[in-house]
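The next block holds one structure in the form of structure tokens; read it before the comments.
Derivation of every value follows stated rules applied to the coordinates shown; laboratory data play no part. It should be emphasised that the depicted structure is a prediction, and the values quoted were computed from it without experimental measurement. Because the Cβ atoms are built from the backbone with ideal geometry, glycine has one as well, and the counts that use them run over all protein chains shown.
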Amino acid sequence: MAPDSIGAELGLLPGTELLAVNGRALEDFLDWEFLSADERLLLRARLPTGEELEYDIERPEGLPMGVTLEAPRIRRCANHCDFCFVDGNPVGLRAPLYIRDDDYRLSFRYGNFATLTNLKSWDVERIIEYRLSPLYVSVHATDPTIRRWLLRNPEAPEIVPQLRWFTERGIAFHAQVVLVPGVNDGVVLERTLADLYAIGPGVLSVSVVPVALTEFSKLHLLREPTSPECLAALGVVDRMAARALAERGTPWCFGADDLYLQAGEPLPAAEWYGEFEQRENGVGAVRFLQTRIAAAVGRMPTLAGKRIGVVTGKAMGRLMPQVLDGLGAATDGRFEIVTVENTLFGPSVTTAGLLPAAAIEAALRARPDLDLVLLPAEAVNDDLRFIDDVDVHDLADRLPSPVRLSYDFVDVLEGA
Ligand code: SF4
């Protein structure tokens, strides 16, 4: 319980079950956050002793409830996509990594993509009542047959009427298309983008992301797109973006950085991405980093004579020189890219976020010459553990140079 909070004042103990607010049963963190926002509330709770109590709470403005909730039970996915990351996992990882989650609540809170194929009428009502907007939705294809095939879910509702219904009620969406060659590229992609655009401004943006597979994926059923296929998909994206720019003043439709990389095309300028709303999805991530660095130039320390290693995966390894040039110029430091191959998922997995600690350790074990090493912060979970369950502090103890987790370099270097 946080001190100086209502929860502490009431004497709520760890393990207390929050049952209802103003007579409405609490299902999860959403109910709690929305229902407890009122200034006056009647809270029913069950103490760890089993005793049930009711608290009549008048909340002084600004005083938080100070309650930390247990992590919500994740909503399981009803689909069986051939490209699912869960199938692409090797055996022996942490149990949560095998959970297929498809949860509109996490979509609202964290920007996770959901398919909306497992919504109950009660979920739909909550989305509207709590105005859970924007949501991040995996569309893949608007043609119902192709979408059901991609999701391996014959029950998946039609996505266009579903999105239209929500947008008419004030819910907005960011959409993504995971591009599977021979299935939802070409004319299917054209139709998907046109259908989503026709829904109106409630569909805020669409990203097109080439499918990423590992050695353990169902490679007998699907493959990654070739370079000419990525180029062709970029052509479709560009045509749609040109129309959206002319009609709505925003490109609206974006290729993931990986699509440009695999097509061998230069990335658009930072301005193209507007607010970088899909950067967590690898859309504009490189330009976002450059923007962050450019904005922090005046606040950066001098790092003359220092050697700084930057660990990344093979994907960003190819793009990183453009990012590090700006850092070197801003600090006079010598930045060195340490590109690490993924030994757990196989070399085809090139994202930094899935790098195992073992591969990072192997790459840095013989590098005492580095004054500091920046590790990709997205490669650890909330408990600071890498995908192979190694704690970042344990990794640091085994390395000859100091290491720091960093999202965008600026976060660490500003205080260096
Ligand atoms: S929607 Fe597809 S990719 Fe996502 S968790 Fe479900 S099966 Fe996996």
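Brief remarks on what is shown
- Between segment 354-416 and segment 257-310, the alpha-carbon center distance in angstrom: 20 Å
- Counting neighbouring beta carbons within 10 Å and listing from fewest to most, the residues Cys84, Cys77 come out as Cys84, Cys77.
- FRET efficiency, Glu70 to Leu384 (Cβ-Cβ, R0 25 Å, nearest 0.05): 0.80
- Mean shadow area of the chain over all directions, Cα convex hull, nm²: 23.1 nm²
- Förster radius 60 Å - calculated FRET efficiency between Glu158 and Asp369 (Cβ-Cβ, nearest 0.05): 0.55
- MRE, 222 nm, helices only [DSSP H, n ≥ 4, -39500 (n - 2.57), over the chain, to nearest 500]: -9500 deg cm²/dmol
- Put simply, when 317-329, 44-56 are sorted by average Cβ atoms within 10 angstrom per residue, most first, you get 317-329, 44-56.
- Net charge of neighbours whose Cβ lies under 11 Å from the Cβ of Leu179, counting Lys and Arg as +1 and Asp and Glu as -1: -4
- FRET E, pair Ala242, Thr49, Förster distance 60 Å, beta-carbon r, rounded to 0.05: 0.35
- Under 5 Å between amide hydrogens, built in the peptide plane, is the criterion, and for Leu179 it picks out Val209, Val211 among residues at least 5 positions away or on other chains.
- Amide H within-cut-off set for Arg75, under 5 Å, with H built and near neighbours excluded: Asp102
- Global form of segment 181-245, assessed from the alpha-carbon gyration tensor, a/c cut-off 1.5: prolate
- Computed lengthening from His393 to Val86, 0.36 nm per intervening residue step minus Cα-Cα distance: 107.8 nm
- Model label sites at Glu9 and Ala270, defined 7 Å from Cα along the beta-carbon direction, differ in position by 4.4 nm.
- Reachable lysines from Lys306, criterion Cα separation under 30 angstrom, eight or more residues apart if same chain: Lys314
- Residue-span extension gain [Asp123 to Arg191] - 0.36 nm each, minus C-alpha spacing: 21.6 nm
- Proxy reagent accessibility, fewest Cβ within 10 Å first, across Lys120, Lys306, Lys218: Lys120, Lys218, Lys306
- Once the Cα-Cα distance is subtracted from the 0.36 nm per residue extended length, the Leu405 to Val297 segment shows a gain of 36.9 nm.
- Order of Glu39, Glu378 under a 10 Å beta carbon neighbour criterion, fewest first: Glu39, Glu378
- For segment 1-32 versus segment 108-139, the spacing of their alpha-carbon centroids is 24 Å.
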